[in-house]
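All of the numbers you see were taken from the coordinates with simple rules; none came from a lab. Computed from a prediction, not measured in an experiment: that's the story for all the values here. Cβ placement follows ideal geometry from the backbone for every residue including glycine, while neighbour counts extend to all protein chains displayed.
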Amino acid sequence: MYYNTLFQAGANRGGREFLSSYGHQFPRPSRVLVADPKRERARSLAKRWQDRGVEAMGYPEFCEDVIMGVPGDSVGMLTVDSVRPMVDVIEKRPDLPIQWQVVGRGVGNPAPVLGFAGTVVKGDVDAQLSSTLLLDNLSPYASPVSSRHITGDALNARATSFTRRSLSRHSARRISLLDYEPEDIPGGRLNLFFGTEQMPLVVTEGVVEPFKEVKKKILEIESPFINNDRDFAVAIIITDRVELFIVERRRRGRGVRLNTTFGQPHYLSPSVDNQQNNGAVVTD
């Protein structure tokens, strides 16, 4: 894919990891615009692009303000700390292809570390709506502090670092696919990363129901985002939380392998740690 300008929102750890993952095998942008409200972070990341021979400018401003001046021949890469601004960027500029990523930690101790990613190409209303719905509902649980204060222990810290790296490599690959038709993007337009696994992600709205009823609906779900011969994830959006399920293929159909929550847990199955702590989203 050829594009003139890369708009990079977020010069945090995710943004820096993306640059490190963006190797010479990918198309090099003519120009990079970096938006981050922390002046030194914006300038530092722009300087790293310049060191690669790319014209780059750092804007110490909020990405949702800068985006309106971004040229139409651009693509966006979003790794914003507070999550909600990514929704604003996607909604304000539906004409721009966009890749986004978020690292999160669910419920439990130790809590599962999860990565979320979305590829939104021009005209893909399904991916756009699913992305904004998920990000908007994850944003209340975005922590304003560094991930060092969230990961809690060395195991979670290593898992967070590994997941961030996996997400960034995925995003670097996806940037070169942003001119594809939605149905031609391999592996699904929204994805969940769990350990070494990457799987398609379906986002849907739900209501409070007994776990048994929710599980039945999840195991029967059909969506263009998933392939029936592989594992996939489902994020159910409820008023005060996001319930996440990983569905695996089994010899006799499907089964739920993992259920975790961002927000106040409700659907937790008996096999899941039932501690009542909120999930924490981290993106730095």
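Observations, loosely collected:
- FRET efficiency, M57 to T196 (Cβ-Cβ, R0 30 Å, nearest 0.05): 0.25
- Between F162 and R84, the modelled label-to-label distance comes to 3.4 nm, taking each label 7 Å out from Cα in the direction of the beta carbon.
- The ranking of L19, L190, L78 from fewest to most other beta carbons within 10 Å of each one's beta carbon is L19, L190, L78.
- Fewest-first sequence of W100, W49 by Cβ atoms within 10 Å of each Cβ: W49, W100
- Translational diffusion of region 5-191 was estimated from the Stokes-Einstein equation, with Rh taken as the Kirkwood radius over Cα pairs; at 4 °C and 1.567 mPa s the coefficient is 78 µm²/s.
- Taking 14 Å as the straight-line reach from the Cα of K47, the aspartates and glutamates in range (excluding those fewer than 8 positions away in the same chain) are D36, E55.
- Taking the alpha carbon gyration tensor of region 58-114, multiplying each eigenvalue by 5 and rooting it gives semi-axes of 28, 12, 9 Å, largest first.
- Cross-link partners of K92 among lysines (Cα-Cα below 21 Å; sequence separation of 8 or more within a chain): K122
- Residue exposure proxy: I98, I237, I218, ordered by other Cβ atoms within 10 angstrom of their Cβ from fewest to most, comes out as I237, I218, I98.
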